[in-house]
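Can you keep this structure in mind? I'll have questions shortly.
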Amino acid sequence: MKKITISIAALIAVTTSLSINAQTKKINQTKMEKTGVIQHSNPFGLAYDDAITENVAGKVNIHPVKYKLNGIDIAANVYTPANYNPSKKYAAITVAHPNGGVKEQTAGLYAQRLAEAGYITIAADGSYQGASGGEPRHTDKPVFRTEDIHGMADFISQYPGVDINRIGAFGICGGGGYTLKATQSDKRFKVVATLSMFNSGEVRRNGFLNSGLNTIQERLKQASDARAQEAAGGKIIYSGVASITDEEIQKISTDLYREGYIYYYRTNAHPNSTFLYPTSNLLDLMTWDAAENMDLINQPLLMIAGSKADTKYMTDEAFPKAVNAKEKELFIIDGATHIQTYWRPEYVEKVVNKLTEFFEKNL
């Protein structure tokens with residue numbers, strides 16, 4: 001394996017979505033006290049409230065699975081509804097995790113809640129990420145993340161009890177952007193839904209809230225140099241944030257990253273979750289855009305975002321471009337920030353209710 005170094009050059013392009021979790025009473029939304037990482041002892045590695053701790057007859061069950069995708073071992077969790085009977089037919093939903101996240105965090109929460117509503121769901125770690133295989137680690141290329149969603153459809157369509165004519169796609173944050181892209185072409189997905197959609201390409205290119213427009217060429221040069229170094233057998237340079245102090249978190253002005261670091265580094269931390277990615281990946285990320293070719297989506301489309309989310313502009317940009325969607329709806333969670341839609345019970349409840357209403361109508 002090649003050695004790595006970590007670059008701080010692409011802090012503008014730090015990817016991921018993050019937030020504050022109800023599990024800690026040491027944190028509030030205006031002032032953060034010193035706090036250690038909350039340890040989760042769930043036997044399935046799940047890092048969210050009310051997660052499954054054992055498979056019980058007559059309730060939602062979780063099934064860790066592995067499968068091959070383009071020669072890479074993919075680690076996933078399949079959730080089956082209460083009283084699951086493989087001889088019956090169920091609608092199925094793929095759940096794509098946020099950038100930097102893993103299946104055991106908010107993707108698992110929503111997969112579990114949708115299984116409670118009667119669906120077979122699957123949440124998989126992206127190729128090169130989480131517990132899935134692939135080198136170099138933490139690779140974040142749009143083509144792979146999009147292919148991961150096609151791969152979830154491949155696997156779940158063969159799962160006992162799944163009705164192949166009733167498969168839906170749901171993506172959160174970066175997984176929402178990749179879900180838009182996957183469903184533009186993959187018509188096995190009969191419906192499309194996103195939550196707090198994050199357009200990874202736009203942010204890597206332009207910076208968050210367009211803060212990096214003046215450094216595009218500089219960052220492309222850094223990415224090109226990083227790839228040249230890799231090709232010559234040198235160290236892999238990583239962009240992103242490897243760790244962060246409470247004091248540094250306090251100084252962050254954007255809700256996305258301030259709340260996100262708390263969520264991913266403190267309250268819902270998972271050993272497989274990381275914000276690092278090879279700097280050379282920017283060659284692919286910066287030329288990609290989730291909102292391009294939105295007119296190819298002809299399935300029913302639901303996009304959900306918090307009214308206070310500083311990422312909402314990406315949903316607002318993409319939604320009007322889906323001119324050929326069979327039907328479409330933009331659903332706003334009043335008062336919610338991006339990361340709060342990951343965990344805050346009252347917001348999760350609203351999202352789940354809207355998703356089940358949407359899926360029941362269109363699947």
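The values are calculated or read from the model by the stated rules, or taken from the named source; none is laboratory data. Because the structure is a prediction, the values reported are computed rather than measured. Using ideal geometry, Cβ is built from the backbone for each residue, glycine included, and neighbour counts are taken over all protein chains shown. The accessibility values were calculated without ligands, DNA or RNA, using every heavy atom of the protein model including side chains. Shrake-Rupley method; radii C 1.70, N 1.55, O 1.52, S 1.80 Å.
Using a 1.4 Å probe, what is the accessible area per residue for the chain, in Å²?
About 40 Å² of surface per residue is accessible.
Leu220 versus Asn70, label points 7 Å from Cα toward the beta carbon: distance in nm?
Going by the 7 Å Cα→Cβ label model, 2.3 nm.
Right, another one. How big is the gap, in Å, between the Cα center of the range 70-137 and the Cα center of the range 269-326?
Each part's Cα centre sits 19 Å from the other's.
Can you bin the range 129-194 into rounded, prolate or oblate? Criterion: square roots of the alpha carbon gyration tensor eigenvalues sorted a ≥ b ≥ c, rounded for a/c under 1.5, prolate for a/b above b/c, oblate for the rest.
It comes out oblate by the Cα gyration axes.
Which of the listed residues, Phe319, Val348, Ile304, is farthest toward the dipole's positive end in the range 301-363, when Lys, Arg count +1 and Asp, Glu count -1 at the beta-carbon?
Positive-most Cα among the choices belongs to Phe319.
Between the helical axis of 216-231 and the dominant principal axis of the chain, each derived from Cα atoms, what acute angle in degrees is found, rounded to the nearest 10?
90
Rounded if a/c is under 1.5, else prolate if a/b is larger than b/c, else oblate: which is the chain, with a ≥ b ≥ c the root eigenvalues of its Cα gyration tensor?
It is rounded, given that a/c, with a ≥ b ≥ c, falls under 1.5.
Also, I was wondering about something else. Express in nm, to one decimal, how much length is gained between Ile38 and Asn165 on full extension, taking 0.36 nm for each residue of separation and deducting their alpha carbon distance.
On the way: separation 127, 0.36 × 127 = 45.72 nm, distance 4.13 nm.
Length difference between fully extended and current span is 41.6 nm.
Once you place label points 7 Å from the Cα toward the Cβ at Tyr313 and Ser211, how far apart are they in nm?
Modelled inter-label distance: 1.1 nm.
Stretched out fully, how many nm does the piece from Ala228 to Asp154 gain, at 0.36 nm a residue minus the Cα gap?
23.1 nm
So what is the relative contact order for the range 87-241, in percent, with contacts set as C-alpha pairs under 8 Å and at least six apart?
Details: 245 pairs, mean separation 33.5, N = 155.
So the answer I get is 22 percent.
If amide H atoms are built 1.01 Å from N in the plane of the peptide, which residues on other chains or at least 5 residues away come under 5 Å of the amide H of Ile93?
Ile120, Thr121, Ile122, Gly168
Does anyone have the angle between helix 345-362 and the longest principal axis of the chain? Alpha-carbon axes, 0 to 90°, nearest 10?
60
Continuing with the same structure: Roughly speaking, to the nearest percent, how much of the range 101-217's 1.4 Å accessible area is carbon and sulfur?
52
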